[in-house]
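Read through the structure below, which is laid out as structure tokens, and then see the notes.
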Amino acid sequence: MRALITGGGVRLGAAIALALAEAGFDLVLHYARSADSARALAKTLTQSGCTVSLVQADLSTPQGCAAVIDAAGPVDVLINNAGIYEAVPAGAITVAQWDRMQAINTRAPFLLAQGLLTGLRASALPGGGLIVNICDIGGQRPTPGYAHYSVSKAGLLMLTRALALELAPAVRVNSVSPGTVLPPVDFTESALDDIRRTIPAGRFGTPEDIAASVVFLVRSPYITGQDIAVDGGRSVGGPMEAG
């Protein structure tokens with residue numbers, strides 16, 4: 001079995017790669033700028049017996065998406081993890097910022113799903129081929145200062161549901177929506193404490209929490225069209241704040 005993970009060299013993507021390798025998958029790891037990290041991860045995975053291919057591409061362009069599709073070949077699982085995240089007041093968002101956000105966070109997952117569809121439909125994975133979109137609880141509860149980001153993730157949630165209906169029964173499509181897993185590095189400890197108080201579980205999540213949910217979906221052949229909020233209960237708690 002083979003899986004493609006976009007943004008697979010660092011952060012959540014790296015944790016998902018490690019978990020899928022442990023589950024027996026060979027991997028195609030896409031990266032944009034994190035070449036050193038991707039190569040180091042590939043070396044670690046290869047030493048554990050996993051076959052790993054790397055592909056560099058800018059997913060903000062259709063040409064970059066096509067390059068990933070061509071390099072990946074047939075896969076059983078597509079993990080749309082790559083994304084961008086930035087804080088810009090609504091009145092200051094430029095057309096270029098808006099378009100780039102939607103291109104990477106929403107259009108690229110669609111183009112990759114479309115381009116890899118033949119292989120996904122032919123997969124022998126129980127339940128059929130699988131697409132997992134990494135969304136965000138901000139796609140359902142917007143965060144002030146992140147309008148273009150929230151809209152992009154809301155679009156990805158709807159894409160998950162739309163593709164789940166249209167691609168069934170040969171391909172399952174689900175999403176995982178992290179809460180605060182890797183908070184912005186420039187946040188003060190006071191700001192982090194404020195966010196922590198909005199999380200019923202009382203702690204931030206870990207990349208491994210997200211990876212475990214992805215593996216759960218891989219092993220759950222009767223689940224499609226669903227979003228799993230991995231957020232310690234934050235989405236049912238108090239008001240959303242940045243982070």
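Approximating the spin labels as points 7 Å out from Cα along Cα→Cβ, the Glu208-to-Arg11 distance works out to 2.0 nm.
Taking the number of Cβ atoms within 10 Å of each Cβ as an exposure proxy, the fewest-first ranking of Tyr146, Tyr222 is Tyr222, Tyr146. Length available on full extension from Arg100 to Asp194: 0.36 nm per residue minus the Cα-Cα distance, which gives 30.8 nm.
For Val230, the residues whose modelled amide H falls within less than 5 Å of its own, excluding neighbours fewer than 5 places apart on the same chain, are Ser177, Gly179. Among Leu130, Leu18, the order by Cβ neighbours within 10 angstrom, fewest to most, reads Leu18, Leu130. Between Ala92 and Asp36, the simple label model (points 7 Å from Cα in the Cβ direction) yields a spacing of 3.0 nm.
Using the Cβ of Gly9 as centre and a radius below 15 Å, the other residues enclosed give a net charge of +2, where K and R count +1 and D and E count -1. Along the charge dipole of the chain, Cβ charges K/R +1 and D/E -1, which of Ser37, Thr198, Leu156 sits furthest on the positive end? Farthest towards the positive pole: Leu156. When the chain is treated as a GNM with alpha-carbon contacts under 10 Å, the residue of Ser175, Ser152, Ser37 showing the greatest mean-square fluctuation is Ser37. With the simple spin-label model, which puts each label point 7 Å out from Cα in the Cβ direction, the Val236 to Ser53 separation comes to 4.2 nm. Each part gets one Cα centre, and for region 218-233 versus region 35-83 those centres are 23 Å apart. Over region 124-227, the ratio between the Cα radius of gyration and 2.2 N^0.38 Å evaluates to 1.22.
Got a sec? How would His30, His148 order by Cβ neighbour count within 10 Å, fewest to most?
Working: His30 30, His148 19.
With the fewest neighbours first, His30, His148 line up as His148, His30.
Between Leu41, Leu27, Leu78, the GNM of the chain built on Cα springs shorter than 10 angstrom shows Leu41 fluctuating the most. Working from Cα pairs under 8 Å separated by at least six residues, relative contact order for region 2-236 is 19 percent.
Throughout, read-outs are computed from the coordinates displayed, never taken from laboratory work. Just so it is clear, the structure is predicted and the values come from calculations on it, not from any experiment. Neighbour counts run over all protein chains shown; Cβ positions are idealised from the backbone, glycine included.
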